[in-house]
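K.L.:
Pasting a structure below so you can have a look.
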Amino acid sequence: MNFYKHETAIIDEGATIGEGCKIWHFSHIMQANIGNHCNLGQNVFVGNHVTLGNRVKVQNNVSLYEGVHCEDDVFIGPSAVFTNVINPRSFIERKSEYQTTLVKQGTTIGANATIVCGITLGRYSFIGAGAVVTKDVKDFALIKGNPGIQSGWMSKAGNKLEFNEEGIAICKETQEKYKLLNGVVTEY
């Protein structure tokens with residue numbers, strides 16, 4: 001075993017856990033695929049067929065249900081919520097209706113945010129604490145509120161970007177440049 005598993009954690013047969021991962025107290029990993037150097041906090045549930053890329057951090061009290069796929073370097077804050085059926089009812093089985101949610105590289109999801117199934121969160125997007133996201137999110141977009149609306153742009157380092165008249169912004173931390181053109185941000 002080339003990863004750490006707390007004695008109270010449960011890992012089902014068929015799960016794939018990458019090198020250097022840490023799985024903490026009372027977590028349960030079903031038949032999922034977890035990349036290298038991931039950190040899963042206390043009381044995390046990872047359902048069947050969920051995939052986590054490398055260096056994904058899942059904070060305490062998060063459930064990742066079947067249909068959730070996270071690319072590399074994703075951060076999921078405490079008690080964030082994911083769904084996998086758009087119209088659940090306890091008395092109707094809808095396992096054949098699970099929808100895919102794609103969380104692209106470098107995305108941050110704040111504490112207590114809710115991500116409704118069937119959407120894509122763009123690269124390095126930033127979902128604010130408590131936001132309820134019901135539609136696709138653009139790369140580098142900052143989303144806040146309920147329902148979640150875009151309220152700006154964020155750098156790869158997680159700093160708010162301020163664009164000048166030419167549509168150029170510079171991250172105050174890394175000095176990386178970004179271009180805003182026709183409602184799309186790209187690295188410049």
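The values are calculated or read from the model by the stated rules, or taken from the named source; none is laboratory data. A quick note: this is a predicted structure, and the numbers were derived from the prediction, not measured. Every residue, glycine as well, gets a Cβ built from its backbone with ideal geometry; the counts of neighbours run over all protein chains shown.
K.L.:
Among the residues of segment 51-76, what is the count of those that are surrounded by fewer than 20 Cβ atoms within 10 Å (Cβ to Cβ) and of a type in the set (Gly, Ala, Ser)?
P.N.:
Qualifying residue count, segment 51-76: 1.
K.L.:
Right, next: Being under 21 Å from Thr107 (Cα atoms) and under 14 Å from the mean Cα position of the chain (by Cα) is the requirement here; does Asn39 meet it?
P.N.:
When the stated conditions are applied, Asn39 passes them.
K.L.:
Within segment 121-139, identify whether any single residue is of a type outside the set (Ser, Thr, Tyr) and under 12 Å from His69 (Cα atoms), and answer yes or no.
P.N.:
Scanning segment 121-139, I find at least one residue that is of a type outside the set (Ser, Thr, Tyr) and under 12 Å from His69 (Cα atoms), so the answer is yes.
K.L.:
State yes or no: is Pro88 surrounded by fewer than 18 Cβ atoms within 10 Å (Cβ to Cβ) and free of Cβ contacts under 8 Å to residues at least 12 places away in the same chain?
P.N.:
Criteria met by Pro88.
K.L.:
Within segment 57-64, is there a residue that is at pLDDT 95 or above, of a type in the set (D, E, K, R) and in contact with a helix residue (DSSP H, G or I) (Cβ under 9 Å, 6 or more places away or on another chain)?
P.N.:
Filtering segment 57-64 down to residues at pLDDT 95 or above leaves 57-64.
Next, from what is left, pick out any that are of a type in the set (D, E, K, R): 57.
Restricting the remaining residues to those that are in contact with a helix residue (DSSP H, G or I) (Cβ under 9 Å, 6 or more places away or on another chain) gives none.
No, segment 57-64 contains no residue that is at pLDDT 95 or above, of a type in the set (D, E, K, R) and in contact with a helix residue (DSSP H, G or I) (Cβ under 9 Å, 6 or more places away or on another chain).
K.L.:
Still on this structure: Among the residues of segment 4-22, how many are aliphatic (A, V, I, L, M) and part of a strand (DSSP E or B)?
P.N.:
Of the residues in segment 4-22, 3 are aliphatic (A, V, I, L, M) and part of a strand (DSSP E or B).
K.L.:
I'm told Val81 meets every condition in (1) among the aliphatic types (A, V, I, L, M); (2) under 17 Å from Leu52 (Cα atoms); (3) in contact (Cβ under 8 Å) with a residue 40 or more places away in the chain except one. Can you identify the failing condition by its number?
P.N.:
So Val81 meets the others, but not (3).
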